[in-house]
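What follows is a short report on a single structure.
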C-alpha cells in the first residue's frame, strides 16, 4: 500500500542525514541534461539507477565517475533499506530513471516516499519529461491536462479505467508499450469516440515521430506492416461539451457525476449546465438512472427541480 505522509507540517530534517537528489536525465538525446544535473551526479556519493548499463552510457558521455547501484521495480523492496541506511549515515544519493524524471511511472516513488517518512531531505533536480515534451508540441490544449501513466493491461480493467475518464475535459496523457498500443486505441475509440489524439514516439531521438490525427487515424497507422518500436506517449483531447447531446450521453454523464459523490439533484443540474441541455431532460435522465439502480428518493438525496 502507498505510504501516507503527514501534510500538516514539514518535519525537521534528520540530523546528520545526507540528501536524496531526484535527478531528471535525457529521454533520448544525451545533450538534454542540465549543468546542475551533471554537477549533482559528479558530486553525489552514489547514483541509484533503474538500469546501470543504460545510465553508464550517460555518465561516460559526460565523464562522470560516481559509483552506480541498481534500483528497479523488482529489487526496490530489498534495495530501499540499504539506500536509506546510507542516507541516514550522511551519504548523498542521486536517484535517476532510464529516461526523464524519476518518480513518474517508475519505482523512484517507492524510495522517495520512504526517505520523506524518515525526514531525509529530498531535493529535485528538474529536467526532461516525456509527458511534458509531448504536450508542448501536441497542439492539444496545454493549459489544463492530466497525466495518467500506464493504463491497466487486462481488457476489463482497462475499459473501466477509461470509462471513468469519459467526461474528463482536460487533455489526457498516457504512456504505453508499442505492443499494447493498438488495443488501447481501439478501446479508446469505443469509450471516447473518435477524438483528436497525438502519438509521440522516440522523442529527441533520431527517429522522433509526432503523429497528430484522430484516434481512428492513429489506429490505421498502427496497422501498417512495420511493427512499432520505441517509447510512446499518447495524448487524447478531453471531453468537449456540446449542444447536441443525445439522452443516453446525458445519462452517462449523470452517472459519471454520481460516481464522483454528487447527489442526483446536483448531478442533474450540473449535467444540464455543462452539456447545454434542458434541465427537464437532465432530470428525466437522472430519474431513469436512479430507477435503474434501484435507489429510493430521500430528502437528502432525492431529485428536486427548482
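What follows draws every value from the coordinates through simple rules; no lab data is involved. Predicted model, so just to flag it, every value in this text is computed and none were measured. Don't worry about glycine lacking a Cβ; one is built from the backbone with ideal geometry, like all the others, and counts go over all protein chains shown.
Helix 279-292 and the longest principal axis of the Cα set of the chain meet at an angle near 80°. Cβ-to-Cβ counts within 10 Å put 32, 73 in ascending order as 73, 32, the fewest first. Taking label points 7 Å from Cα along the Cα-to-Cβ direction, residue 229 and residue 214 give a separation of 3.2 nm. Cα axis of helix 108-117 to longest principal axis of the chain: angle in degrees, 0 to 90, nearest 10? Long axis of 108-117 versus the principal axis of the chain: about 80 degrees. For residue 205 and residue 279, calculate 0.36 nm times their separation in residues minus their Cα-Cα distance, and state this gained length in nm to one decimal. Separation in residues times 0.36 nm, less the Cα-Cα distance, equals 21.5 nm.
Take every Cα pair under 8 Å whose residues are at least 6 apart in sequence, average their separation, divide by the length of the chain, and the relative contact order is 16 percent.
Find how much the distance from residue 45 to residue 154 grows on full extension, using 0.36 nm per residue of separation minus their present alpha carbon separation; answer in nm with one decimal. Net length gain for the segment: 35.1 nm.
Here the stretch 200-231 and the stretch 249-275 have alpha carbon centers that stand 36 Å from each other.
Largest GNM mean-square fluctuation among 110, 29, 74, using the chain with Cα springs under 10 Å: 74. The stretch 36-83 and the stretch 157-186 have their alpha-carbon centroids 32 Å apart. Across the alpha-carbon atoms of the stretch 20-128, the computed radius of gyration and Dmax are 12.5, 35 angstrom.
Rank 145, 161, 192 by mean-square fluctuation in a GNM of the chain with C-alpha springs under 10 angstrom and give only the top-ranked residue. In the Gaussian network model the winner is 161. A helix-only calculation puts the chain at -12000 deg cm²/dmol for mean residue ellipticity at 222 nm, using -39500 (n - 2.57) for each DSSP H run of at least four residues, averaged over all residues. Its Cα gyration tensor gives the stretch 115-174 an equivalent ellipsoid, and the semi-axes of that ellipsoid, as √(5λ) in whole Å with the largest first, are 27, 20, 11.
Potential lengthening of the chain between residue 262 and residue 119 amounts to 47.7 nm, from the contour at 0.36 nm per residue minus the alpha-carbon distance. Within the chain, the proportion of C-alpha pairs whose separation exceeds 30 Å stands at 48%. A compact globular protein would have a Cα radius of gyration near 2.2 N^0.38 Å; the ratio found for the stretch 131-236 is 0.99. If R0 equals 41 Å, the separation of the Cβ atoms of residue 186 and residue 143 corresponds to a calculated FRET efficiency of about 0.90. Axis of helix 247-259 versus longest Cα principal axis of the chain: the two differ by about 50°, to the nearest ten degrees. Working ranking of peptides 201-211, 270-280, 47-57 by packing, defined as the average number of other Cβ atoms within 10 Å per residue, highest first, is 47-57, 270-280, 201-211. Normalised by the number of residues in the stretch 60-161, the average gap of Cα pairs under 8 Å and 6 or more apart makes the relative contact order 20 percent.
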